[in-house]
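Enquirer: Handing you this structure, nothing more for now.
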Amino acid sequence: MNAPARDTTAAPGRLAELRPLLSELMDLKRIRTPDHPDGLAAHGFRRAWAALVAGADPGTVALQETARAVAAVRLGGLDADVLARTGLSARDTARVLRRGLDAVAGPLEPGLREKLSQALSQPMAAPTSLATPAFVERLVHQPRAGATFPGRARIVVPPQEGHADHCYAVAVGAVLVSPRFGADPALPFLAGLSHHLFNAELPDAGYAGEELLEDLLAPLLKDLTQKALDSLPEPLSRHVRQALALTGHLDTAEARAFNAADALDRVLELDAHARAAGFTLRQAMEELELIHPGPLQGFGNDILAEAAVWP
């Protein structure tokens, strides 16, 4: 059987421009704060589902969460809640968040960049304190399987990401790549959040393990997904069903946006581990200037030289 034809409709490099930003979004899975010990991606996953269950428009949630995620690439845990708690006004908080967004938003399509900037100034879609469906916490604490293939040893790279980490990164990534495919971002975002609902009940055995279920796999995944859908209010359940219809095919722009984000996250997650494993002191000192510019930089570098640490 011949392999399906590759999509060559776009000029080379359009997604390559986004790759550095998509790679940095991987860090949100591992950036933790006292408020959010499971990581910022898991926090965003909870926050998005809380807003959706409260009745917020999926398109609004998609833009707000993506804007917050992109800003967090530079600001980390300095989010709207933390900045407000420090006493900053709503206006100053929005200014800081927009600076975080602007610091990394250069590769984004201009229209999307403007929508994300506006989203940072809008009120939250819903309070984050609202209850979320039971599957949300289970997906936060359900680890991903790692890289698997039938007949080959599993590759588990610590720290393992949770399914909430993956789903949130795919959801945000789907919004960022949507202009590449001419897609409306709302359904791709929702598909990202919900495409592993069955793993709330089913521990992740990866591709290798799932292949062993053979003909039992499809009905099992369908039943477990339905169980999660039954816990959602209408019309959210209907919206999620529409979003899940994007998986497994490339017939629409929205399906291509979701599946592109899913493929990118799976590979860039392992690329993040490879980059971390290859990190060197030279990168820290020369590229990141670990002894930061300022009045103490010269003294700090002299101390390192005297101690034979660097250079």
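The values are calculated or read from the model by the stated rules, or taken from the named source; none is laboratory data. None of these values were measured; they are calculated from a predicted model. All Cβ positions, glycine included, derive from the backbone under ideal geometry; neighbour counts span all protein chains shown. Just the protein is used for accessible areas: all its heavy atoms, side chains included, with ligands, DNA and RNA removed. Shrake-Rupley method; radii C 1.70, N 1.55, O 1.52, S 1.80 Å.
Enquirer: Within the stretch 241-275, count every residue that is closer than 19 Å to S23 by Cβ and either outside any helix (DSSP H, G or I) or open to solvent by 70 Å² or more (accessible area, probe 1.4 Å) (or both).
Expert: The total comes to 4.
Enquirer: As an exercise: evaluate P107 against (1) open to solvent by 10 Å² or more (accessible area, probe 1.4 Å); (2) without any contact (Cβ under 8 Å) to a residue 60 or more places away in the chain and give the number of the one condition it does not meet.
Expert: (2)
Enquirer: Out of the residues in the stretch 68-88 that are touching a residue at least 12 places away in the same chain (Cβ under 8 Å), in contact with a Ser or Thr (Cβ under 7 Å, 6 or more places away or on another chain) and not in a loop (DSSP other than H, G, I, E, B), which is farthest from G39 (Cα to Cα)?
Expert: Across the stretch 68-88, the extreme among qualifying residues is L83.
Enquirer: Any idea how many residues of the stretch 16-57 are basic (K, R) and more than 17 Å from the chain's Cα centre (by Cα)?
Expert: In the first step, residues of the stretch 16-57 are kept if they are basic (K, R); the result is 19, 29-30, 32, 46-47.
Subsequent filtering for residues that are more than 17 Å from the chain's Cα centre (by Cα) retains none.
Summing the residues that are basic (K, R) and more than 17 Å from the chain's Cα centre (by Cα) in the stretch 16-57 gives 0.
Enquirer: Answer yes or no: is there a residue in the stretch 210-232 that is farther than 19 Å from D27 by Cβ, hydroxyl-bearing (S, T, Y), more than 22 Å from the chain's Cα centre (by Cα) and open to solvent by 40 Å² or more (accessible area, probe 1.4 Å).
Expert: Residues of the stretch 210-232 that are farther than 19 Å from D27 by Cβ, as a first pass: 210-232.
Next cut, hydroxyl-bearing (S, T, Y) only: 225, 231.
Still in the running and more than 22 Å from the chain's Cα centre (by Cα): 231.
Subsequent filtering for residues that are open to solvent by 40 Å² or more (accessible area, probe 1.4 Å) retains 231.
Yes, the stretch 210-232 contains a residue that is farther than 19 Å from D27 by Cβ, hydroxyl-bearing (S, T, Y), more than 22 Å from the chain's Cα centre (by Cα) and open to solvent by 40 Å² or more (accessible area, probe 1.4 Å).
Enquirer: Taking into account only those residues within the stretch 145-197 that are touching a strand residue (DSSP E or B) at 6+ places or on another chain (Cβ under 6 Å) and among the β-branched types (V, I, T), which is least open to solvent (accessible area, probe 1.4 Å)?
Expert: T148
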